[in-house]
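Chemist: Quick one: structure below, then a few questions.
Bear in mind that the values in this text are calculations on the coordinates, not laboratory data. Since we're looking at a predicted model, the values are computed, not measured. Virtual Cβ from ideal backbone geometry, glycine too; neighbours counted across all protein chains shown.
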Amino acid sequence: MTSVERSRTFTWANPLATASRGRELSGLEFLHAIIAGDLPPPPIANALGFQLSEASPGMAVFTVTPAEFHYNPIGVVHGGLAATLLDSAMSCAVQTSVPAGKGYTTLELKVNLVRAITMKTGPMRAEGKIIHAGSRVGTAEGRLVDAEGRVYAHGTTTCMIFDLPAA
């Protein structure tokens, strides 16, 4: 078998400048600014080819179409793509509850991979929904589904909510 080398190029904006602008916005306003194109997506989204598609109170959705560059050595999409999409959707669901001047970070992530993902899977949605939004801790659940609603992975997260340091 002959190996044909491929390449992929992508660009990104300065994530620290985006984070600085985000200090002035609530979590939901920040996500809406990314969706509207007023703020650039984070570099990880460009690197892996996914995007934030929806955000409303307590909910966030990321979309991706699996591609060859997502593959692992055994010929299917690496589980890290599902984990990254679920982490993004679930933690951003928590972010929708965070006021301006507050931040969050994932403390715990649990992902169950239940079906192999390939390029033939087609467009996918990672849907995150908040379970609990406190002043210091938020929890959420998520599902990664195809266009027909078949579940490929699901998970839960716990996020710590904190005051952002002064700029």
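Chemist: How long are the three semi-axes of the equivalent ellipsoid for region 128-167, computed from the Cα gyration tensor as the root of 5 times each eigenvalue, in whole Å, largest first?
Modeler: Its equivalent ellipsoid spans semi-axes of 29, 11, 7 Å.
Chemist: Are there any trypsin sites (Lys or Arg not before Pro) in region 118-157 that are in a DSSP loop and have at most 14 other Cβ atoms within 10 Å? List them by number.
Modeler: Those satisfying the criteria are ARG136, ARG150.
Chemist: As a check on your grasp of the helix formula, calculate [θ] at 222 nm for the chain: sum -39500 (n - 2.57) over DSSP H runs of n ≥ 4, divide by the residue count, round to the nearest 500.
Modeler: One gets -7500 deg cm²/dmol as the mean residue ellipticity at 222 nm.
Chemist: Follow-up question, since we're still on this one. Starting from 0.36 nm per residue, how many nanometres of slack lie between THR105 and ALA13 once their C-alpha separation is accounted for?
Modeler: Gain in length upon complete extension: 31.0 nm.
Chemist: Okay, moving on. With Rg and the Kirkwood Rh both taken from Cα atoms, where does Rg over Rh land for the chain?
Modeler: 1.00
Chemist: In addition: Please identify the GluC sites (Glu not before Pro) of region 1-97 that satisfy two criteria: DSSP loop assignment and at most 14 other Cβ atoms within 10 Å. Which are they?
Modeler: Those that pass, being in a loop and sparsely packed, are GLU5, GLU24.
Chemist: Expressed in nm to one decimal, what extension gain is obtained for the pair PHE69 and HIS132 from 0.36 nm per residue of sequence separation less their Cα-Cα distance?
Modeler: Separation in residues times 0.36 nm, less the Cα-Cα distance, equals 19.1 nm.
Chemist: Please get the size of the charge dipole for the chain, origin at its Cα centre, with Cβ charges of +1 on Lys and Arg and -1 on Asp and Glu, quoted in debye to the nearest 20.
Modeler: Approximately 200 debye in magnitude.
Chemist: Moving on to the next point. Could you put MET59, MET119, MET124, MET90 in order, starting from the residue whose Cβ has the fewest other Cβ atoms within 10 Å?
Modeler: MET119, MET59, MET124, MET90
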